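This report concerns only the one structure given below.
Computed from the coordinates by the stated procedures, all read-outs in this text should not be read as laboratory data. Source: prediction; values computed, not measured. Every residue, glycine as well, gets a Cβ built from its backbone with ideal geometry; the counts of neighbours run over all protein chains shown.
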């Protein structure tokens, strides 16, 4: 029976010979033969999500596109699961396909079933999912850290396990030390991994933030960012008391300035020098206004 199902999967025609959403025979739901290492159809309700899933967010547009594809052609690529019991299975990889299948109202899905012990589940789940090209850099970085923390790998051992250079693993792990605003920008594809790598070479946090803002304001390329970062790394850009303070006219800074001004009900100006140091000036015209401002921050 499993072989016939596999043949149907290979032809990608299951949806043409079976109505999606029709009740599955009770015997199929309640009885699962020993199928370790083979492909078979499992009832949706027998499958649970992977607690070690490295992906934290699922693109809703892409998910809905997959739903439409599944409705039209069935789920062509099996989900990889591990067997917990004859009636329970846990996803190793393929949670997006599983979610889309549920939205498409499938009653059962093709699965490649493995028998994996608990102590290997984390490693197998994370490593298999890390290989996927559509994870964002922070999902990869977080997965690397989980493997190191849980399995006590060195960076060399982890690099060998995931088939990457040690320097690649190290660069991903360093992303976790970036300021949240830079992490968010990278996660949202506003800057690239190349930009982030160049920024990480700047040790001074203020200088790093200043260059990051320039990337956004001036649409700097990775090469341009690397060139600027090398200047800071070589010490050509230094922060000192004599650096002139200038008004920053970037849309982002102006937006922040206007927001603070609106909250406090008074004029606010933000000034910073070329290295990123500066000051926020809040104006007040009386003791009462001064006290109101103090209470706002209290």
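A few notes on this one:
- Working from label points 7 Å from Cα in the Cα-to-Cβ sense, the residue 117 to residue 296 distance is 6.1 nm.
- Pairs of alpha carbons in the range 136-177 whose separation is greater than 13 Å (percent): 44
- Unit Cα scatterers, Debye sum, the range 178-237: log10 I(q)/I(0) for q = 0.22 Å⁻¹: -0.78
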